[in-house]
Amino acid sequence: MADHAEASVTTPDMTRQVTRGVCRYLSSLGFSVLTEFTLKNGRRADVIGLGRDGSVVIVEVKTSIADLKADQKWPEYKEFCDQLFFATPRDFPLELLPVTCGILVADSWGADEIRAAEVVPIHASRRRVLTLKLARKAAQRLFDLTDPRLS
């Protein structure tokens, strides 16, 4: 791990860069994305994407080893998506990430899929509720940009 000294320190700027790259990547694949999306179980997905076909992906952003070790809530995201990915900066030791999830390596400009995520379809009723919540949250965020005093 000595080769990954930078991966041991996280910064808000690094998190923003990785998140931006993930959003650009998912958007290029036809997903509509939201960040910081709260799920029904109270967990907050770093990035959630809704595909044209109704598929849902969640991406958990990890920019440091300490962040990965401190946060073990990621299995609780699985019931709210068809695919679950981890996204990291390029210098992150990928061997530390769970083998059951996909891996994206990202920077400000985009991301590369290093490992595909297993596709496990969510239940149709959960997909419907989640899709409606995503649509409502996206509409509210857009409205908040035009009239922030009411948010």
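The number of residues in the stretch 32-56 that are β-branched (Val, Ile, Thr), surrounded by fewer than 17 Cβ atoms within 10 Å (Cβ to Cβ) and in contact (Cβ under 8 Å) with a residue 60 or more places away in the chain comes to 0. Residues that are surrounded by 16 or more Cβ atoms within 10 Å (Cβ to Cβ) and in a helix (DSSP H, G or I) within the stretch 95-132 comprise Arg127, Leu130, listed in sequence order.
Taking Phe92, is it assigned to a loop (DSSP other than H, G, I, E, B), aromatic (Phe, Trp, Tyr), in contact (Cβ under 8 Å) with a residue 24 or more places away in the chain and surrounded by 18 or more Cβ atoms within 10 Å (Cβ to Cβ)?
So Phe92 fits the description; yes.
Of the numbered criteria (1) part of a strand (DSSP E or B); (2) under 16 Å from Thr38 (Cα atoms); (3) free of Cβ contacts under 8 Å to residues at least 40 places away in the same chain; (4) out of contact with any Lys or Arg (no Cβ under 7 Å at 6 or more places or on another chain), the one Val59 fails is (3).
This table checks each residue for (1) closer than 22 Å to Lys133 by Cα; (2) of a type outside the set (Ser, Thr, Tyr); (3) modelled with pLDDT of 95 or more; (4) in contact with an Asp or Glu (Cβ under 6 Å, 6 or more places away or on another chain).
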{"residue": "Thr19", "(1), (2), (3), (4)": "yes, no, yes, no"}
{"residue": "Val22", "(1), (2), (3), (4)": "yes, yes, yes, no"}
{"residue": "Leu34", "(1), (2), (3), (4)": "yes, yes, yes, no"}
{"residue": "Ser55", "(1), (2), (3), (4)": "yes, no, yes, yes"}
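Looking at Leu29, is it modelled with pLDDT of 95 or more and in contact with a strand residue (DSSP E or B) (Cβ under 7 Å, 6 or more places away or on another chain)? Give the derivation first.
Working: modelled with pLDDT of 95 or more: yes; in contact with a strand residue (DSSP E or B) (Cβ under 7 Å, 6 or more places away or on another chain): no.
Considered against the rule, which asks whether it is modelled with pLDDT of 95 or more and in contact with a strand residue (DSSP E or B) (Cβ under 7 Å, 6 or more places away or on another chain), Leu29 comes out as no.
Taking Leu97, is it in contact with a Phe, Trp or Tyr (Cβ under 8 Å, 6 or more places away or on another chain) and within 23 Å of Lys133 (Cα to Cα)? Answer is no for this residue.
Considering the conditions (1) closer than 16 Å to Leu34 by Cα; (2) in contact (Cβ under 8 Å) with a residue 24 or more places away in the chain; (3) among the aliphatic types (A, V, I, L, M), Ile122 is excluded by exactly one of them, (1).
Tally the residues that are surrounded by 15 or more Cβ atoms within 10 Å (Cβ to Cβ) and either among the hydroxyl-bearing types (Ser, Thr, Tyr) or in contact with a helix residue (DSSP H, G or I) (Cβ under 8 Å, 6 or more places away or on another chain) (or both), restricting the search to the stretch 12-31.
As a first pass, look at the stretch 12-31 and keep what is surrounded by 15 or more Cβ atoms within 10 Å (Cβ to Cβ): 14-15, 17-26, 31.
Keeping just the survivors that are either among the hydroxyl-bearing types (Ser, Thr, Tyr) or in contact with a helix residue (DSSP H, G or I) (Cβ under 8 Å, 6 or more places away or on another chain) (or both) gives 15, 19, 25.
Here the count works out to 3.
Here the condition is being modelled with pLDDT under 95, out of contact with any Cys (no Cβ under 8 Å at 6 or more places or on another chain), of a type in the set (Asp, Glu) and surrounded by 16 or more Cβ atoms within 10 Å (Cβ to Cβ); of Asp67, Asp71, Asp144, Asp82, it holds for Asp67 alone.
The values are calculated or read from the model by the stated rules, or taken from the named source; none is laboratory data. Given the structure is predicted, the values throughout are model-derived calculations rather than measurements. Positions of Cβ are generated from backbone atoms using ideal geometry, with glycine treated the same way; all protein chains shown enter the neighbour counts.
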